[in-house]
Amino acid sequence: MDKSPVLIIGGYGDVGFRLAKILTSRCNTPMILAGRNRLSAENAAAKLGYLARGIGLNAEMGIPLNLIKSVKAIVNLSEIAGDRIAKECVEADKIYIDASASHKYLLKIKKTVEQLGAVKGLAVINAGLAPGLTNIMAADILNRHQCSKDIDIVVSLGGGVRHGLAATQWFLESLGEQFQTRRDRINQKIVTGDHWKIFSSSFFQQEKVWAMAFGLPDQIAIADKYPQLENARSFLNLEPVWLNTFLRTTMTNGISKLISKYAHFFANLLQRIPEFGNDNVFIYIQVRSKNGDETHISAFRGTDQAELTANMLVAGLLCAEDSSKTGVVDLDDILDLKRSKAALAEGDVSAHAFQTPRFMEIST
């Protein structure tokens, strides 16, 4: 196996540091932790031992070609310059993995790499939890129930986790934007917050969950791969209940547009307040037949979103190394549900006092 380093852009962030910790401890992989703040990168690397080093790097200014050639893979957690970095990676026969949840950003990466034609390297997008694990779970249930015509994906996140500045700002910006989804056999755009749906299941902590239609890119990636689907929709729920209620209120009275406009300010503000609630992660996928007489549900329950995301990225990286595919692919093109379960279960062993990530399936 190639023992060249893995470069993580955003390596001293929550997900990046956990990813580096897993790769150094479990895979003995050398790491380069990169970010704009060189001192933060060096301090984070020092905690990982001799296998890691930290560097200052502004991805917007580009990555030196000699640095790209010196690593086997780049994992980009910054949501910056993904199209350019992915292009340079695949042209240099390297692996590029991007954990962004922005459809526009990922689409730009996909188009850029596809326009290159034949390349030796591999770019992996829709990697992480949502998108990522959601796509893998959806592919698994749709492949086993091929008569399904509708799919709804619900991602429920606890407010007890502080997300990074870039991810928080992206979420707030999304509150005032349109996003693409599949409704009535047509890929169409709707406004965030215009559609809410109640999901009833004992799987959630509440009997009924209000979830907002949201622009996660998994719904379009799934719709493109399964053209028989009439509806492919992603929804977002926040915990605790009051936080989700507050979100519904802002979406119905126009405040969301103000939040979206000043997303950078509000994102910085949220970085300064304490976390609230739990760190639960629920993924609930429901597929239905055309006449509605069959419903199948696949669900996942875990905690600590950053740890789960890091473990999915590790699994994706290892599969990318073993894959013969080139160009640009989604995570579910190289990683299946069985291996995802194994990766999450293995990650749960690492001294965390939370319940083992749990999958379940229900058919009616």
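Counting only helices (runs of 4 or more DSSP H) that sit wholly inside region 29-115, those with at least 3 residues that are more than 30 Å from residue 234 (Cα to Cα) and outside the structural domain of residue 177 (by TED's automatic domain parsing) are 38-48, 65-70, 82-91. Determine, yes or no, whether residue 192 is crowded, with 19+ Cβ neighbours inside 10 Å, assigned by TED's automatic domain parsing to the domain that holds residue 225, touching a Leu at 6+ places or on another chain (Cβ under 8 Å) and not charged (D, E, K, R). Here the answer is yes, as residue 192 does meet what is asked. Among the conditions (1) surrounded by 19 or more Cβ atoms within 10 Å (Cβ to Cβ); (2) under 16 Å from residue 97 (Cα atoms), the only one that residue 80 does not satisfy is (1).
For region 276-298, how many residues meet the condition of being out of contact with any Ser or Thr (no Cβ under 9 Å at 6 or more places or on another chain) and surrounded by 21 or more Cβ atoms within 10 Å (Cβ to Cβ)? Here the count works out to 1. Within region 224-236, the only residue that satisfies the criterion of being surrounded by 24 or more Cβ atoms within 10 Å (Cβ to Cβ) and more than 16 Å from residue 196 (Cβ to Cβ) is 232. Return the pair list, or none, for Cβ contacts closer than 7 Å from residues in region 209-229 that are in the same structural domain as residue 290 (by TED's automatic domain parsing) and without any contact (Cβ under 8 Å) to a residue 40 or more places away in the chain to residues that are part of a helix (DSSP H, G or I) and crowded, with 19+ Cβ neighbours inside 10 Å, at least 6 apart or on different chains. Here the result reads 210/244; 212/247; 212/251, each pair linking region 209-229 to a residue that is part of a helix (DSSP H, G or I) and crowded, with 19+ Cβ neighbours inside 10 Å. Condition check for residue 151 on (1) within 23 Å of the chain's Cα centre (by Cα); (2) β-branched (Val, Ile, Thr); (3) in a helix (DSSP H, G or I): one failure, at (3). Scanning region 284-298 for residues that are among the polar types (S, T, N, Q) and at pLDDT below 85 gives a single hit, 291.
Are any of the residues in region 299-317 more than 17 Å from the chain's Cα centre (by Cα), surrounded by 15 or more Cβ atoms within 10 Å (Cβ to Cβ) and modelled with pLDDT of 90 or more? No, because not a single residue in region 299-317 is more than 17 Å from the chain's Cα centre (by Cα), surrounded by 15 or more Cβ atoms within 10 Å (Cβ to Cβ) and modelled with pLDDT of 90 or more.
Do we find a residue being of a type in the set (D, E, K, R) and farther than 19 Å from residue 103 by Cα anywhere in region 238-251? It would help to see each step written out before you state the result.
Narrowing region 238-251 to residues of a type in the set (D, E, K, R): 239, 248.
Next cut, farther than 19 Å from residue 103 by Cα only: 239, 248.
Yes, region 238-251 has at least one match.
The values are calculated or read from the model by the stated rules, or taken from the named source; none is laboratory data. Remember, it's a predicted structure, so these values are computed and weren't measured experimentally. Every residue, glycine among them, receives a Cβ derived from its backbone with ideal geometry; neighbour counts consider all protein chains shown.
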